Amino acid sequence: MAMRKVIIVIDDDASMLRGLTRLLRADGFEVDTFTSTDRFYCSAEAVCIILDIHLNGQSGIEFSRRLTESGILLPTIFITADDSEATRKLALESGCIAYLTKPFAAEALLAALPRT
């Protein structure tokens, strides 16, 4: 039996979650979605996190740091509608595998996903 490949998506925009879920499922992934970090849990089958940088007053970059500090070491793709040089620098310094500005091309996201 093939191992499940789960992508975790955290974004406070319900339409973005729906769109990403459809895209990722069509590409063969399973998807766990969250509208905030409050109820986040990490599936053992998770291979990547797609994380909005601005989550209703929460920092996706800070949340990513907390995950790393707690031992959850998953490749992270940051997405944002509010691009700035400072935000981009912080995201890239955090070790993300991709930084995408909304709206982004589906192909750009799919190309960034780990395929192991």
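Observations on the structure shown:
- Single residue of region 14-61 satisfying the filter (in contact with a Ser or Thr (Cβ under 9 Å, 6 or more places away or on another chain) and charged (D, E, K, R)) that is surrounded by the most Cβ atoms within 10 Å (Cβ to Cβ): ASP52
- Pairs are defined by a Cβ separation below 6 Å, a sequence spacing of at least 6 or placement on different chains, a first member in region 22-49 that is under 14 Å from LYS5 (Cβ atoms), and a second member that is of a type in the set (Asp, Glu) and modelled with pLDDT of 95 or more; the pairs so defined are SER43/ASP32.
- Residue within region 85-93 that is closer than 25 Å to ASP27 by Cα and without any contact (Cβ under 8 Å) to a residue 40 or more places away in the chain present: no
- Any hit, region 90-100, residues being surrounded by 15 or more Cβ atoms within 10 Å (Cβ to Cβ) and polar (S, T, N, Q): yes
- Residue check for LEU74: surrounded by 14 or more Cβ atoms within 10 Å (Cβ to Cβ), within 16 Å of THR101 (Cα to Cα) and of a type in the set (A, V, I, L, M, F, W, C): no
- In region 1-50, of all residues being within 13 Å of the chain's Cα centre (by Cα) and polar (S, T, N, Q), the one that is nearest to ARG66 (Cα to Cα) corresponds to THR37.
The values are calculated or read from the model by the stated rules, or taken from the named source; none is laboratory data. Computed from a prediction, not measured in an experiment: that's the story for all the values here. All Cβ positions, even for glycine, are placed from backbone atoms using ideal geometry, and neighbour counts span all protein chains on display.
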